[in-house]
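See below for the structure under consideration.
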Amino acid sequence: MSMLALVTGASSGIGFRLAEGLAARGYDVIGVGTSERVEGLPERLPGARVIPVRADLTTPEGIDQVWATVEAEGRPLDVAALNAGASLGGAFLDTDLEDELHLLDLNVVSQVRLAKRVVRQMADRRSGRILITSSLSATTPTPYESIYGPTRAFMYSFAQGLREEMREYGVSVTALLPGATATEFHDRAGMQATKFGDNSWKNDPALVASRGLEGMFEGRDHVVGGDAGTRRAALVNKLLPEERKARRFARGAKPTR
Ligand SMILES: NC(=O)c1ccc[n+]([C@@H]2O[C@H](COP(=O)([O-])OP(=O)(O)OC[C@H]3O[C@@H](n4cnc5c(N)ncnc54)[C@H](OP(=O)(O)O)[C@@H]3O)[C@@H](O)[C@H]2O)c1
């Protein structure tokens, strides 16, 4: 029987490429997203067994629906890629509080809810690999995306802590820190009038996903997703003071109109 992987946010961007990479390695893939596109995953990944789940992870029912699909397989997960996420651009003074609370639900609360199920199943079986998509934004203040960066910092720290706890159960946890990546992400975040509105200079999501999968299969604690410039930026972020990083980030993320 093939091995089983769960990928959240599989309907587009980095998550689709993670699903594609796992399918190419022979995994059966449970792919999660909210849009109709998720239903088309089996056609987009021919030759693989793909089980689409259209579910909103910000609701407990959505998490239940995903988990019911995992349990219906009658075998444990070998890989879980907790990847679904979003951002929200704009000045904190102007952005809508409800939108921000929803972002926290998606980027933090839903990840914790799903991780609870995943780690318990993997610990019982004493094997498994977890890939948690964080961001390079976890390593810098993110003015004009003021809630997003902290959600990714949460996931980075969560992944590192969980990794240590899960070591004795033979389960590895890897954080993926993509740099800016050419997906629908910044458009959905309403950041068209910023440097991030232009996808032409960003990383290829296929490259980001392949770095994530390589890092996960090597059992690394984290991996930077992107090209040489992105990896250099990750190193520089370790050295620069927070205030300087904040000013630099604001230059890219502040809307120009
Ligand atoms: N793009 C970047 O520059 C960048 C950089 C660093 C980190 N990241 C991280 O990478 C991850 C993936 O982002 P991406 O760039 O691939 O963005 P994307 O193209 O916008 O994809 C986001 C995915 O998340 C799914 N999703 C959104 N809300 C959901 C919900 N409530 N329930 C279930 N699924 C939901 C979407 O599904 P539907 O479309 O079907 O709704 C979609 O498949 C995120 O965690 C993000 O923080 C991205």
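Structure notes:
- Residue in region 204-213 that is touching a Phe, Trp or Tyr at 6+ places or on another chain (Cβ under 8 Å) and within 21 Å of LEU88 (Cα to Cα) present: yes
- Members of region 141-157 found to be within 15 Å of LEU104 (Cβ to Cβ), assigned to a loop (DSSP other than H, G, I, E, B) and either touching a residue at least 60 places away in the same chain (Cβ under 8 Å) or hydroxyl-bearing (Ser, Thr, Tyr) (or both), listed by number: THR142, GLU145, SER146
- Of the helices (runs of 4 or more DSSP H) lying entirely inside region 1-98, those containing at least 3 residues that are under 27 Å from MET191 (Cβ atoms) and more than 8 Å from the ligand (Cβ to nearest atom) span 13-24.
- Residues of region 199-221 classified as out of contact with any helix residue (DSSP H, G or I) (no Cβ under 7 Å at 6 or more places or on another chain), within 12 Å of the ligand (Cβ to nearest atom) and not in a helix (DSSP H, G or I), total: 2
- Of all residues making up region 141-156, the number that are hydroxyl-bearing (Ser, Thr, Tyr) and away from the ligand (no atom under 15 Å from the Cβ): 0
- Qualifying residue in region 192-205 (condition: aliphatic (A, V, I, L, M), surrounded by 14 or more Cβ atoms within 10 Å (Cβ to Cβ) and touching a residue at least 12 places away in the same chain (Cβ under 8 Å)): no
- Looking across region 124-140, the residues that are under 19 Å from HIS222 (Cα atoms) and either part of a strand (DSSP E or B) or more than 14 Å from the ligand (Cβ to nearest atom) (or both) come down to SER127, GLY128, ARG129, ILE130, LEU131, ILE132, THR133.
- Which listed residue is within 19 Å of the chain's Cα centre (by Cα) and not acidic (Asp, Glu), from ARG54, ARG44, ARG126: ARG54
- Some residue of region 224-234 being farther than 24 Å from SER12 by Cβ, touching a residue at least 60 places away in the same chain (Cβ under 8 Å) and of a type in the set (Lys, Arg): no
Where a number appears in this text, it was derived from the coordinates with a stated rule and is not lab data. Nothing here was measured: the structure is a model prediction, and the numbers come from that model. Reconstructed Cβ throughout: ideal geometry from the backbone, glycine too, with neighbour counts over all protein chains shown.
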